[in-house]
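Okay, structure first, notes after.
All of the numbers you see were taken from the coordinates with simple rules; none came from a lab. The structure displayed is predicted, hence computed values, not measured ones.
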Amino acid sequence: MPIIYDAQRNLWVLETQHSGYAFGIHSGGHIKHTWWGERLEDPSDYPDLSRYCDRVWWDWNDEAPVRGEGNMAEACIKACFHDGVRDVVLKYDGFENPNPDTLIIRLFDPAYGLKALLHYRLFEPIDLIERWITLVNESDHVILLEEIGSAAWYIPGNDRYFLTHLSGMWAHETRRTTQPVADGKIVLESRLGQTSAFHNPFFALSADAGENSGAVWYGALGWSGNWRMTIFQQLYENIQICGGINPWDTRITLEPGGTFQTPVFLGGFTTGGFGQMSRNLHRYEREHLLPKNAEEKTPSLRKVLYNSWEATNFSVNEANQKRLADLAAEIGIEVFVMDDGWFGNRDNDQAGLGDWYANPRKFPYGLKPLIDHVHRRGMDFGLWVEPEMVNPDSDLFRVHPDWVLQFPNRPMTLRRNQLILNLAKPEVKGFILGTLDWLLSENAIEFIKWDMNRPILESGWTQAPEGKDREMWVRYVHHLYEIWDTLRRKHPKVTFESCAGGGGRVDLGILRWADQVWTSDNTDPFDRQSIQEGFSLAYTPKVMMNWVTDWGGKSAYPLSFRFHTAMLGSMGIGADLSHYTNDELVEARALIAFYKSIRKVIQNGQLYRLRWPSEHGWTVNEYLGEEGKTVVVIVLKNPVPLRLFEIPMIRLKGLDARAHYRLRSTDQVFSGSVLQQVGVPILFERKFEVKLLEPTHFQSQVLVFDRISS
Ligand code: DGJ
């Protein structure tokens with residue numbers, strides 16, 4: 001029984017396979033957190049509220065902290081009632097336990113008719129809990145919501161913790177960042193109207209955990225707009241992590257009878273270190289989050305795609321795309337994606353956004369001839385769009401200048417020469433949905449790459465309904481999700497990729513609708529390893545799109561090294577294939593065929609990071625396939641100083657010690673015990689004479705083992 005109520009102690013205990021979570025109902029009606037950590041031997045072992053009785057005035061450890069009643073911690077709920085009262089008092093009002101994995105705690109403020117439902121959904125085998133709050137206005141008056149967090153988590157105080165999170169910028173997204181937690185607050189957030197490349201909504205707190213062991217408390221938020229997580233340490237207290245929609249510049253009007261549901265804030269605890277944390281998150285994403293088409297029985301595999309952006313930039317046309325498609329088909333590509341430049345009057349980034357019809361000069365007969373050409377070569381056809389955007393130089397802007405986000409009497413900030421359509425407006429939502437639906441209905445398109453190349457900088461909503469202008473930030477995201485949801489239902493065979501000028505829209509919110517995400521515009525194989533390491537902390541390799549390109553010049557890295565770097569997730573090619581020699585095309589074809597033979601293990605397997613760039617300067621990833629039948633080890637050896645000649649033994653993880661595994665390349669057989677305890681030597685050609693860095697110093701290997709007996 002994962003959810004247990006101990007009536008005598010007024011204590012709820014939520015247990016997953018290895019973790020326990022507990023909170024109690026105080027006689028004053030408050031819901032107070034008492035435990036999050038290892039699963040204890042017996043439900044009676046979990047601390048109850050007797051611990052807090054003498055100090056409840058501190059009002060810390062509230063499961064749903066409010067602005068009110070003297071609460072001094074960060075709040076999930078701040079409201080203003082019709083008479084100006086801003087003191088929220090939410091008291092326990094019962095519970096619902098609709099199924100064994102779900103608990104709903106009801107709270108109510110009888111003086112003002114505000115109801116809060118605290119939702120808990122347990123994922124027992126992967127030690128995760130989804131939390132969110134539904135607010136209901138049961139009064140006859142409007143309630144203004146000024147803070148609408150999803151959950152507050154608490155981890156035991158009196159230890160020295162480190163916060164690991166993902167920060168960065170354009171072309172350097174998801175950088176693994178670790179910093180000490182000291183008294184005070186650390187705020188991670190986005191105010192850009194998108195998830196953002198600067199910070200990603202993910203946290204992990206640990207005192208002494210490593211990759212393979214140690215306690216880690218972690219979480220991630222399912223929201224693709226402005227978000228905030230506050231990590232708050234106060235002397236002697238538990239550490240509070242409060243998070244959800246960013247209240248900055250936001251206010252929601254809750255009409256009488258109205259409800260508001262916050263996004264999900266997922267939390268987990270493991271003693272298996274950062275590795276187990278990632279494996280739990282990856283499994284949650286694959287099994288419970290990512291969209292599945294009705295007919296799919298097993299999780300589908302991401303196809304190898306080609307994308308035209310780096311090859312032809314804005315200068316796409318029917319002839320050059322057909323030529324690229326021919327080459328792509330030759331090397332085994334499965335989806336051909338035409339990127340930016342195909343529509344409106346688009347020759348550069350100064351015009352055309354908003355005019356989603358094929359440019360008649362570049363595609364005189366429309367998209368059909370190209371799409372047919374691609375299909376005839378056995379590939380799916382994909383198209384790039386950036387539907388939330390408009391260039392001032394576009395037909396759309398000339399007709400609907402009032403559709404963009406703007407404040408009257410103030411200049412509109414251009415970024416990449418574009419403005420943002422106010423997706424909070426129903427007519428804009430209708431336009432975007434209608435346009436995309438039309439594009440997908442008129443053309444045989446199997447793949448959409450949805451981009452968003454600039455942040456929201458002016459939040460002005462002209463002609464907003466009275467008093468609702470600050471709802472823009474939230475309505476924008478709700479409408480975005482509604483559009484993706486409708487498109488997926490109407491066009492169930494289409495695969496969707498989320499992109500925002502690289503990896504600016506990667507989160508558990510968009511992953512309910514996006515099959516995959518564009519990780520970063522930086523495709524340099526060396527830089528990319530760090531970006532991919534950070535990404536893999538929170539997100540499954542299955543959604544991590546990696547392209548092979550010619551960044552830094554075709555000769556900067558061996559071709560195989562570029563391919564092997566891309567193989568760490570879902571692979572694509574972005575290079576200009578028309579500059580490839582015949583030998584290179586042959587090699588590319590072989591590498592793609594090889595990737596196809598192992599992708600199931602990479603995309604659906606369990607990831608063990610054996611070496612990672614932020615600590616070792618290079619990468620070894622192990623992927624353990626279904627039932628441990630196949631093991632793939634990808635080794636990327638960067639020429640890091642002092643390690644140039646290292647020939648390490650790599651010890652694998654997660655194998656059956658008694659089973660035997662055959663190395664495909666040599667037919668050598670190893671026991672699981674040997675592979676895990678002794679390891680396998682990774683032999684690279686030695687480079688003793690080397691003084692200067694050369695491409696050949698980037699060396700890579702992929703080892704594939706098959707389990708042959710138990
Ligand atoms: C940014 C994306 O990250 C690129 O891959 C490409 O699609 C460009 N936008 C096109 O404008």
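Where both residues lie in the chain, what percent of DSSP beta bridges are antiparallel, nearest 5? Write out the running numbers ahead of the final one.
Values: 128 of 157 bridges.
Taking every DSSP beta bridge with both residues in the chain, the antiparallel ones total about 80 percent.
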Given a cut-off of 20 Å, name the pairs among Lys554/Lys596; Lys449/Lys542; Lys368/Lys429; Lys429/Lys490 whose C-alpha atoms lie farther apart than that in the structure shown. Lys554/Lys596; Lys368/Lys429
Inter-centroid distance (Cα atoms) of segment 226-286 relative to segment 438-503, Å: 23 Å
Residue-wise HN-Hα coupling along segment 349-366, computed from phi with Karplus coefficients 6.51, -1.76, 1.60 (Hz; x: Gly, Pro): 7, 9, 8, x, 4, x, 9, 8, 10, 4, 4, x, 6, 7, 10, x, 10, x
From the phi of every residue in segment 200-211, what ³J(HN,Hα) in whole Hz does the Karplus formula 6.51 cos²θ - 1.76 cosθ + 1.60 yield, where θ is phi - 60° and glycine or proline is x? 10, x, 8, 9, 9, 10, 8, 9, 9, 7, x, 5
State the antiparallel share, in %, of DSSP beta bridges confined to segment 211-342, rounding to the nearest 5. 75 percent
Could you give me the ³J(HN,Hα) list for segment 667-682, computed from phi with Karplus coefficients 6.51, -1.76, 1.60 and θ = phi - 60°, whole Hz, x at Gly and Pro? 6, 5, 10, 10, 7, x, 4, 5, 4, 8, 8, 8, x, 10, x, 9
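Would you be so kind as to identify all helices of the chain, as entire DSSP H runs, whose Cα atoms reach 30 Å or more along the helix's own axis and whose mean Kyte-Doolittle hydropathy is at least -1.0?
Details: long enough: 582-604 (33 Å, -0.10).
Qualifying helices, which must be both long enough and hydrophobic enough, are 582-604.
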Relative intensity, log₁₀ I(q)/I(0), of segment 3-289 from a Debye sum that treats every alpha carbon as a point, q = 0.14 Å⁻¹: -1.03
Cα gyration tensor category, rounded, prolate or oblate, for segment 495-643 with a/c compared to 1.5: rounded
With only helices counted (DSSP H, runs n ≥ 4, each -39500 (n - 2.57)), the per-residue ellipticity at 222 nm for the chain, to the nearest 500, works out to -5500 deg cm²/dmol
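State the antiparallel share, in %, of DSSP beta bridges confined to segment 373-516, rounding to the nearest 5. Can you show the working numbers first?
Working: 4 of 14 bridges.
Of all bridge pairs located within segment 373-516, approximately 30 percent are antiparallel.
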The lysines whose Cα lies under 16 Å from the Cα of Lys115, excluding any fewer than 8 residues away in the same chain, are Lys78, Lys91
